[in-house]
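In what follows, a structure is listed as structure tokens, so that the remarks can point back to it.
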Amino acid sequence: MDTAQAARVVLALTLAVTLAVLGAHPRVMRWERRFGLTVLATSGFPFLLLGLLFRELGVLTADLLTDLRPLFEFGLGWVGLTIGMNLDIRRFDRLPPAFMPVIALSSMLPILCAAIACSLTLAWMGVLPGKGLIRDGLILMACAAVSAPANIELLLRRWKSSMPLVIEATRIDQLAALALLGLVAILFRPDRTVTLWYLPRSGWFLMMLGLGALLGIVIYFLIRNVDDRTEELALLLGGVALASGMAGYLALSVAVVCAIAGAVLINFPMPHRERIAGTLREVERPMYLLFLFVVGAAWRPDEWQGWVLGIAFALSRAYGKVLAARIGSRIEPELPDWKHLAVSILPESTIAIVVLFSAAAIDGAQTPAVRWAINAVIVGSILTEIAVQAFQRRERRLAGEETLA
């Protein structure tokens, strides 16, 4: 890399980091929450365009992404630890038992619908049946599972008791997506020369679980008696760096290993549990925006296959969410009307960014189907956002009429 190229890379990364910090400003986040918007379709979209621009300018190259791999793995580890911290068994125990099948349906039905529709679409576009089709199908299934709550204060204003259920459903969606991502890392191992380890798939599964649990215990003993927040942040940075480095060395899914560590950590008794979770969430959003910046470098909006796959992905995922809401409303009478419930869980979550980033940037799987999947998730997010905003606009009019009445 010559001096001019290095200067362009430094400028691009500095600009991306600065904009990511600004994108995580509380005012931006309040604006998104007020209108029920998602990161993928609003503040994150400029980062996609910025990544696309720097790729066309020759700044974001495959060699550069390879050189920055340790930094990206650290980001994945931080996000994974944050997601794992949502798996607090004590919080799930407070939910009514009748709600658990409803939460499971909201995750599984979109996965099944997307698996059928996207696999048929990929096969029609020439992706031959085999490992490639299975792998790409699992990636899209993981992206279809995740959802972010829409403006539930508006949509569920007549069913306020159901708001915690919607939030828990979106959190469990994240865990389902990471489970599929971990399955991809186990089933589709890289060449033996990458890790110099040879284990059967069951061995890699146990390795992923054991490594995540061990790292969660290590982080717990590091921070359990820390009272100073600065020291706590330093220890968290070191723990995530250790976890992501070990997972990356073994070619395991960094986000999944760190999510297991986070799940172990949150279920141990700690005096500052909420403070730790808050610290992780503060840094999480800039990480997502930077991932979008890199995913934009792999985005190919000029390929028609991605648009076709995007329509199939959006429709099948939406059908799965609507079907889950209709069945759930019949199972549990205390749930909201199925239309409001479906729209509440319809927006795509930013965890889809983690899945795409792991597939497109970390393991180097720059296959045509992965590029189409990136376009599919982006198109699906925009189409979903249009539908959700139209429904919310209708609800605002009704709320205004009720207020006037």
Exactly one of A185, A144, A169, A104 is open to solvent by 30 Å² or more (accessible area, probe 1.4 Å) and within 27 Å of L309 (Cα to Cα), and that residue is A104
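Residues checked against (1) free of Cβ contacts under 8 Å to residues at least 60 places away in the same chain; (2) in contact with a helix residue (DSSP H, G or I) (Cβ under 7 Å, 6 or more places away or on another chain); (3) acidic (D, E):
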site: D228; (1), (2), (3): yes, no, yes
site: A255; (1), (2), (3): no, yes, no
site: L292; (1), (2), (3): no, yes, no
site: E303; (1), (2), (3): no, yes, yes
site: L309; (1), (2), (3): no, yes, no
site: A312; (1), (2), (3): no, yes, no
site: A318; (1), (2), (3): no, yes, no
site: P336; (1), (2), (3): no, yes, no
Here the residues within segment 333-349 that are modelled with pLDDT under 80 and open to solvent by 20 Å² or more (accessible area, probe 1.4 Å) are P333, E334
Being open to solvent by 60 Å² or more (accessible area, probe 1.4 Å) and under 21 Å from the mean Cα position of the chain (by Cα): is that true of L214 here?
no
Residue hits (segment 260-276; open to solvent by less than 10 Å² (accessible area, probe 1.4 Å) and either of a type in the set (A, V, I, L, M, F, W, C) or more than 10 Å from M85 (Cβ to Cβ) (or both)) are A261, L265, I266, I276
E282 vs (1) touching a helix residue (DSSP H, G or I) at 6+ places or on another chain (Cβ under 9 Å); (2) surrounded by fewer than 21 Cβ atoms within 10 Å (Cβ to Cβ); (3) part of a helix (DSSP H, G or I); (4) modelled with pLDDT under 85: all pass except (1)
Those residues of segment 4-32 which are loosely packed, with under 12 Cβ neighbours inside 10 Å and either at pLDDT below 75 or not in a helix (DSSP H, G or I) (or both) amount to A4, P26, R30
The correct count of residues that are in a loop (DSSP other than H, G, I, E, B) and more than 25 Å from R91 (Cα to Cα) in segment 143-193 is 4
Checking L52, L48, L57, L112 in turn, the sole residue that is over 23 Å from G248 (Cα atoms) and either crowded, with 20+ Cβ neighbours inside 10 Å or small (G, A, S) (or both) turns out to be L48
Of those in segment 318-332 that are small (G, A, S) and closer than 18 Å to A117 by Cβ, the residue most open to solvent (accessible area, probe 1.4 Å) is A318
F293 meets each of (1) within 15 Å of G80 (Cβ to Cβ); (2) open to solvent by less than 20 Å² (accessible area, probe 1.4 Å) with one exception, condition (1)
For segment 233-253 the number of residues that are of a type outside the set (S, T, N, Q), touching a residue at least 60 places away in the same chain (Cβ under 8 Å) and part of a loop (DSSP other than H, G, I, E, B) is 2
Taking segment 69-86 and keeping only residues that are more than 11 Å from A243 (Cα to Cα), hydrophobic (A, V, I, L, M, F, W, C) and open to solvent by less than 20 Å² (accessible area, probe 1.4 Å), one is left with V79, I83, M85
Subset of segment 237-249, residues open to solvent by less than 10 Å² (accessible area, probe 1.4 Å) and farther than 16 Å from I276 by Cα, comes to A243, S244, A247
Of the residues in segment 194-226, those that are in a loop (DSSP other than H, G, I, E, B), under 21 Å from L81 (Cβ atoms) and touching a residue at least 40 places away in the same chain (Cβ under 8 Å) come to R224, V226
Quick one: would you say F92 is surrounded by fewer than 23 Cβ atoms within 10 Å (Cβ to Cβ) and in contact (Cβ under 8 Å) with a residue 40 or more places away in the chain?
yes
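The values are calculated or read from the model by the stated rules, or taken from the named source; none is laboratory data. Please read these numbers as outputs of a predicted model, since none were measured by experiment. Heads up, the Cβs are rebuilt from the backbone with ideal geometry, glycines too, and the neighbour counts pull from every protein chain shown. Quick note on the areas: whole protein, heavy atoms, side chains included, nothing else; ligands and nucleic acids left out. Shrake-Rupley method; radii C 1.70, N 1.55, O 1.52, S 1.80 Å.
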